[in-house]
Amino acid sequence: MDVQNEINKLRTEIERHSKAYYELDAPMISDFEYDALMKQLSELEEQYPEMKSPDSPTQRVGGKVQPQFSPVRHIVPLESLNDVFSLEELQSFIARTNESLGGVPVYVTEPKIDGLSVAVEYIDGKMVRGATRGDGLTGEDVTENLRTVRSLPKNIKNAPPRLIVRGEVYMSRETFAELNEEREIKGEKLFANPRNAAAGSLRQLDSKITADRRLDIIIFNIQYADGRDFSTHAETLDALSEMGFPVVPYKVCKSAEECCRQVEWLGENRDTLPYDIDGAVIKLDLLSHRALLGSTAKAPRWAVAYKYPPEKKETIVEEITVQVGRTGVLTPKAIVKPVRLAGTTVTNATLHNQDNIDKLDIRIGDTVLIQKAGEIIPEILEVRREKRPDGTLPFKIPDFCPECGAPVVRDEDAAATRCTGAECPAQLLRNIAHFASKGAMDIEGLGISVTKALVDKKLIASPAELYYLDAQSVAAIDRMGKKSAENLLSAIEKSKENGLARLLCAFGIRQVGQKAAKVLAMHYSNLDELCSATAEDLKTIPDIGPVTAKYLVDWLSSPQSKHQIELLRKAGVSFESKETLLDSRFAGKTFVLTGTLKSYTRDEASALIESCGGKTAGSVSKKTSYVLAGDEAGSKLTKAQSLGIPILTEDEFKEMIK
């Protein structure tokens, strides 16, 4: 084996995953897999110390400080922890520590919460600053976002003149499930797990978004306490609790056996906790012992993290069902013989999609090996083919939606299979939310909570039925009242005159967003004309390709869609186009707008360009035809200049559209 080459490959791979985890909040592998890569690299560097490098991932903590946040220098480093992956390794760590101290010291065992590590500073009892761990020495200033965490005290009594505490910001499982449900309704990308969601939420530039995410925090250490002396870690946790902090639960252990028993107990009972844990932390209790042992460049010698390995067990696939998600995606699920796994009883496992089923060749009756992925969703790892009973058949996702009977289609650019039904009950919340959204029919006051209430009360069963609501029924919804109901119905009535482009966007047809809808509305004077168009007709329109044309024709010709259109017609919703194609002077031209325009809003300028056959884009590239630059134009102008793209002033633009 070429050791240097193997080390370089491991470092590159770890760096890639570190960036995804710490900086992008979008992990690509499980924590256990990441830790295994790090352990493999660490062992090689220990075996070949001449190849150890100061810039190796094993010598650093966390990720880089992102430029959108102000840097905060930690006066006490926020260290990482060395990991162990078995009780034998944990016992070896305790034995070495005991030997170094010449006795049998006391340890504290705590759950290792899977969140984002932060330091919070208080001056005279008042919270003044909060920062992420960053690289351990320098973190990101997230003070305003941390102020939105309700469980974090903003003022504390009986505090030292200066106090810095360390904690873990997390998202509870319940909040995580609610957030992902809401994101699914809106058609947004789902978070992979609570840790990913918490990290992404805390590192928002808009603290209002953070506040909406309902984050929590657990404090597990005093980093600095001016004028206060403590002798043990347990004493510091008790003091923090008295000050009003939510403190990590802990157990004092007086032997290696006690530590191991507590680690096992936490693993077996982790499903009872409101937050995810990925392990347990075992640390010396006496602070003088910690000072004696000190730290390496990255981690303390007096503590270790026990990482729970992904538990794998065999079970039998008793049935395969297909669920229809809120965005219409059909997801196959295996119903399995109940098995205890990672602290919970597992009765089903995700199969992801048809490609995954085909790859593993999963069949009803198969004996399979399953594990919990990221402690959230059980998944099937492999099929024990040698245990397969006779007479099993390959499984195929049905050609028609199990919820509404509409045909299903396979996405052109993904593995997803999707229902095409305009009235599919599984997609109802998402369809209504999209229909009412700002870029579509723009119905003010019809948010997710109101939409859910209308659906739960069975007042509506499709987007078109919004136009048949009555004030009395709406006013009876919790927290609505007469005035709110009147305002909502007024907004719904107003939306009837939005015109064809907004209506097309509101339908939620695949690949028909705001821009495509405007293009179509410029070429067809009303919805009935568009419904009569063939795929060949549509393909002649700029920016409408064969795939989009097929999606349009299929959607407009389906029985469910026709029913929706007739309900809208009877309700008096306008099918007429408000878009006008003045001429084609900008045909084939792409504009990028930057800076502040004096005579137009961005939307107005974009509408003018589109009415002359052109289109707008959000970023500058070699395909950009012109950049329209207003006051205080920024990086887009600079990039256009470097690429030699023509720059238009507002006056020059006015001349072009005369």
Loop only by DSSP, 15 or fewer other Cβ within 10 Å of the Cβ. Give me the trypsin sites (Lys or Arg not before Pro) in region 380-463 that pass, ordered by residue number. Arg384, Lys396, Lys438, Lys457, Lys458
Ratio of the Cα radius of gyration of region 531-584 to 2.2 N^0.38 Å, where N counts its residues: 1.33
³J(HN,Hα) computed for each position of region 97-104 - Karplus, 6.51 cos²θ - 1.76 cosθ + 1.60, integer Hz, glycine/proline x: 5, 4, 5, 5, 8, x, x, 10
In region 408-486, which GluC sites (Glu not before Pro) fall in coil by DSSP and have 13 or fewer other Cβ atoms within 10 Å? Glu412
Determine the relative contact order of the chain: mean sequence separation of Cα pairs under 8 Å and six or more apart, normalised by residue count, in whole percent. 9
Under 19 Å from the Cα of Lys189 - lysines, other chains or at least 8 residues apart: Lys438
222 nm [θ] for the chain, helices only, -39500 (n - 2.57) per DSSP H run of 4+, per residue, to 500? -10500 deg cm²/dmol
Low-density loop positions, trypsin sites (Lys or Arg not before Pro), region 465-543 - DSSP coil, at most 14 other Cβ in 10 Å: Arg479
Using +1 at the C-beta of Lys and Arg and -1 at the C-beta of Asp and Glu, which of Leu146, Val346, Val304 has the Cα lying farthest in the positive direction of the dipole of the chain? Leu146
Val339, Val547 arranged by Cβ crowding within 10 Å, fewest neighbours leading: Val547, Val339
Amide H neighbours of Lys154 at under 5 Å, excluding residues fewer than 5 places away on the same chain, with H built from the backbone geometry, are none
Measure off 7 Å from each Cα along the Cα-to-Cβ vector at Glu6 and Arg410, then give the distance between these two points in nanometres to one decimal. 4.1
Given R₀ = 45 Å, what would the calculated FRET efficiency be for Glu319 paired with Ala476, taking r from the Cβ atoms and rounding to 0.05? 0.65
Too-long pairs where the Cα-Cα distance tops 32 Å, listed order kept, from Lys518/Lys622; Lys208/Lys457; Lys52/Lys251; Lys9/Lys623: Lys52/Lys251; Lys9/Lys623
Which value, in debye to the nearest 20, describes the size of the charge dipole of region 425-571 about its Cα centre when Lys and Arg Cβ atoms bear +1, Asp and Glu Cβ atoms bear -1, and nothing else is charged? 380
Karplus-derived 3J(HN,Hα) from phi for region 122-137 (6.51 cos²θ - 1.76 cosθ + 1.60, θ = phi - 60°), whole Hz, x at Gly and Pro, runs 10, 10, 6, x, 10, 5, 10, 7, x, 9, 6, 5, x, 9, x, 9
My understanding is that a pair violates if its Cα-Cα distance is over 26 Å; which of Lys307/Lys387; Lys39/Lys312; Lys112/Lys313; Lys186/Lys496 do that in this structure? Lys307/Lys387
Assuming R0 = 22 Å, can you tell me the calculated FRET efficiency for the pair Ser557 and Tyr468, based on Cβ-Cβ distance, to the nearest 0.05? 0.35
Under the Karplus relation with 6.51, -1.76 and 1.60 and θ = phi - 60°, whole-Hz ³J(HN,Hα) for region 40-47, x at Gly and Pro, equal 4, 5, 4, 5, 5, 5, 5, 6
Could you tell me which residue out of Gln511, Gly545, Ser574 lies farthest along the dipole of the chain toward its positive end? Charges go on the beta carbon: Lys and Arg +1, Asp and Glu -1, centred on the Cα centre. Ser574
Within 10 Å of each residue's Cβ, count the other Cβ atoms and sort Glu50, Glu314 from fewest upward. Glu50, Glu314
If you scale each eigenvalue of the Cα gyration tensor by 5 and take the root, what three semi-axes come out for region 71-307, rounded to whole angstrom and sorted largest first? 30, 23, 15
Can you give me the three principal axis dimensions of the chain from its C-alpha atoms, in Å, biggest first? 88, 72, 64
Any residue on another chain or 5+ positions along whose placed amide H is under 5 Å from the amide H of Lys112 is listed here as Asp278, Gly279, Ala280, Val281
Strictly greater than 19 Å: what percent of every Cα pair in region 590-656 meets that? 21
So if I average 1/r over every pair of distinct C-alpha atoms in region 425-571 and take the inverse, what Kirkwood radius in Å does that give? 16.0
Please list the non-local residues whose amide H lies under 5 Å from the amide H of Gly614, H modeled 1.01 Å from N, same-chain partners needing a gap of 5 or more. Phe586
Under 18 Å Cα-Cα from Lys337, which aspartates and glutamates qualify once same-chain neighbours fewer than 8 residues away are excluded? Glu311, Glu314, Glu318, Glu319, Asp366, Glu379, Glu382
Provide the FRET efficiency to the nearest 0.05 for the Ser255-Lys359 pair, computing r from the beta carbons and using R0 = 41 Å. 0.30
Assign unit charges at the C-beta atoms only (+1 for Lys and Arg, -1 for Asp and Glu), then state the dipole size of the chain relative to its Cα centre in Debye, rounded to the nearest 20. 980
Restricting to Cα pairs below 8 Å that are 6+ residues apart, what does the relative contact order work out to for region 312-387? Please round to a whole percent. 31
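Just so you know, all these numbers are worked out from the coordinates, no wet-lab data involved. What you are looking at is a predicted structure, and each value in this text was computed from that prediction instead of being measured. Using ideal geometry, Cβ is built from the backbone for each residue, glycine included, and neighbour counts are taken over all protein chains shown.
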